[in-house]
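Chemist: Shown below is the structure under consideration.
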Amino acid sequence: MRALQIQAPGRAEVVDIAMPQPGPGEVRVRVTLVNTCPQWDLHLDAGEPMFVGQQISYPYTAGQPGHEMVGVVDAIGEDVTTFRVGQRVAAWRDAGHHRQGCYAEFVNHLEANLLPVPDHVEDRAVASLELAMCVAVSILPLKRLGAIEGKRAAVNGLGPAGMIAAQMLRAEGAASVTGFEPHPARRDLATGYAVDEALDPHDPATIERYPHRHCAECLEVGVDCAGYPDAVRFFMDRVRWHVALFAVQRHDYTYARTHSGLTVVGYAGHHRAAAEYALEMIAAGKLDLRPLISVELPLERYAEGVALLRQQQALKIGFRP
């Protein structure tokens, strides 16, 4: 069968590999749509580790880093009881880069890492369930704190994760959702679709409107999806009560004296309840992931898709193996 394999930084090829055979507790899925995870794809393409201290060796595991996947059950292994052949499923957890990934025609998944897809939910709406689960991990603690409903909410960074976080804040009853994003095309896409308004954090008018955390119309709760120290500091300087840190942290952040009274929510780790919460939102039409896919391409044009991501001309690329 065909699968993508990154042979070296900047060089990916479609190769022939053996058809995977599902073992105990595994489900073989025929992949119908798999989306890029820009963080992983761009880092592997550049030969850079995504996480501090990580080592990368090439050729990379076939099919990786593809993990945002929807497909149809093709075969089941011993002891699998949850799924049947022909059933549509989506992956909610990446099983690890030591296993074949989803940039392939078929992939084995652990039964526990899949959720059934309702018939009315199209592929484009659910392929990035895994990312929606990740974001939900940051939203659910804010919900438990009573920090969202009726509050002025904000999202820092309107990439794919930020678009999802904004929709979840809206669905949980935020009075308004403001997005901060320097890229004009992303501000345009987000406005109306995910946020009530999208502002350039470098625009003096934005600074004038939100000079500090205690301004007249201060923002009360926010989710950071940017991750850069200067961007996080900007955000923490403008949100009064609660900030959830979602983005991958590569540098230390500073909690200043001016942040007194601000609750900072760290990242608790992936879990199935967050995936089920995200899927429920998708099925109910409260979370729309379809606009995140800027273009669909065949696997053979993977390099073209990565170039679009690097140039910030696309949020995600969808591949149909």
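The values are calculated or read from the model by the stated rules, or taken from the named source; none is laboratory data. Since the structure is predicted, the reported quantities are computational estimates derived from the model, not experimental observations. Here Cβ is always computed from backbone atoms with ideal geometry, including for glycine, and neighbour counts include all displayed protein chains.
Chemist: For residue 270, only one of the following conditions fails: (1) part of a loop (DSSP other than H, G, I, E, B); (2) in the same structural domain as residue 65 (by TED's automatic domain parsing). What is its number?
Modeler: Every listed condition holds for residue 270 apart from (2).
Chemist: Scan region 292-307 residue by residue and report those that are surrounded by fewer than 20 Cβ atoms within 10 Å (Cβ to Cβ) and in a helix (DSSP H, G or I). It would help to see each step written out before you state the result.
Modeler: Initially, region 292-307 is screened for residues surrounded by fewer than 20 Cβ atoms within 10 Å (Cβ to Cβ), giving 294-298, 300-301, 303-304, 307.
The answer is 300, 301, 303, 304, 307.
Chemist: Hey, can you tell me all the residues within region 92-141 that are under 24 Å from residue 25 (Cβ atoms) and free of Cβ contacts under 8 Å to residues at least 40 places away in the same chain?
Modeler: Within region 92-141, 94, 95, 96, 97, 98, 99, 113, 116 qualify.
Chemist: OK, next. If I ask for residues that are crowded, with 23+ Cβ neighbours inside 10 Å, farther than 18 Å from residue 277 by Cα and either more than 18 Å from the chain's Cα centre (by Cα) or of a type in the set (Ser, Thr, Tyr) (or both), which ones from region 124-183 would you list?
Modeler: Across region 124-183, the qualifying residues are 151, 153, 177, 178.
Chemist: Residue pairs, Cβ under 9 Å, 6 or more apart or interchain, first in region 169-188 and farther than 13 Å from residue 157 by Cα and assigned by TED's automatic domain parsing to the domain that holds residue 139, second surrounded by fewer than 19 Cβ atoms within 10 Å (Cβ to Cβ) and among the aliphatic types (A, V, I, L, M). List them.
Modeler: Once the first residue is farther than 13 Å from residue 157 by Cα and assigned by TED's automatic domain parsing to the domain that holds residue 139 and sits in region 169-188, its partners that are surrounded by fewer than 19 Cβ atoms within 10 Å (Cβ to Cβ) and among the aliphatic types (A, V, I, L, M) give 171/284.
Chemist: Still on this model: Name the single residue that is surrounded by the most Cβ atoms within 10 Å (Cβ to Cβ) among those in region 242-254 being at pLDDT below 90 and more than 18 Å from the chain's Cα centre (by Cα).
Modeler: Ranking the qualifying residues of region 242-254, first place goes to 253.
Chemist: In the same structural domain as residue 53 (by TED's automatic domain parsing), among the aliphatic types (A, V, I, L, M), buried (at least 17 other Cβ atoms within 10 Å of the Cβ) and not in a helix (DSSP H, G or I): is that true of residue 314 in this structure?
Modeler: Values: in the same structural domain as residue 53 (by TED's automatic domain parsing): yes; among the aliphatic types (A, V, I, L, M): yes; buried (at least 17 other Cβ atoms within 10 Å of the Cβ): yes; not in a helix (DSSP H, G or I): yes.
In short, yes.
Chemist: Oh, and also: Of all residues being among the acidic types (Asp, Glu) and within 19 Å of the chain's Cα centre (by Cα) in region 14-62, which is surrounded by the fewest Cβ atoms within 10 Å (Cβ to Cβ)? Just the residue, please. Give the steps one after another, and end with the answer.
Modeler: Quick first cut of region 14-62, residues among the acidic types (Asp, Glu) only: 16, 26, 41, 45, 48.
Add one more test, that the residue is within 19 Å of the chain's Cα centre (by Cα), and what stays is 41, 45.
Values: 41: 25, 45: 21.
The selected residue is 45.
Chemist: Give the number of residues within region 14-36 that are hydrophobic (A, V, I, L, M, F, W, C) and either under 13 Å from residue 76 (Cβ atoms) or at pLDDT below 95 (or both).
Modeler: Here the count works out to 2.
Chemist: Look through region 211-252, keep the residues that are of a type in the set (D, E, K, R) and outside any loop (DSSP other than H, G, I, E, B), and return whichever of them is farthest from residue 147 (Cα to Cα).
Modeler: Filtering region 211-252 for residues of a type in the set (D, E, K, R) gives 213, 217, 220, 224, 230, 233, 237-238, 240, 250, 252.
Then drop every residue that is not outside any loop (DSSP other than H, G, I, E, B), which leaves 220, 224, 230, 233, 240.
Values: 220: 8, 224: 15, 230: 24, 233: 20, 240: 11 Å.
Ranking the candidates gives 230 first.
Chemist: Please state which of the following conditions residue 255 fails to meet, knowing it meets all the rest: (1) of a type in the set (Ser, Thr, Tyr); (2) more than 26 Å from residue 40 (Cβ to Cβ); (3) assigned to a helix (DSSP H, G or I).
Modeler: It is condition (3) that residue 255 fails.
Chemist: Determine whether region 49-57 contains at least one residue that is hydroxyl-bearing (Ser, Thr, Tyr), within 25 Å of residue 306 (Cβ to Cβ) and in contact with a strand residue (DSSP E or B) (Cβ under 6 Å, 6 or more places away or on another chain).
Modeler: No; the residues of region 49-57 include none that is hydroxyl-bearing (Ser, Thr, Tyr), within 25 Å of residue 306 (Cβ to Cβ) and in contact with a strand residue (DSSP E or B) (Cβ under 6 Å, 6 or more places away or on another chain).
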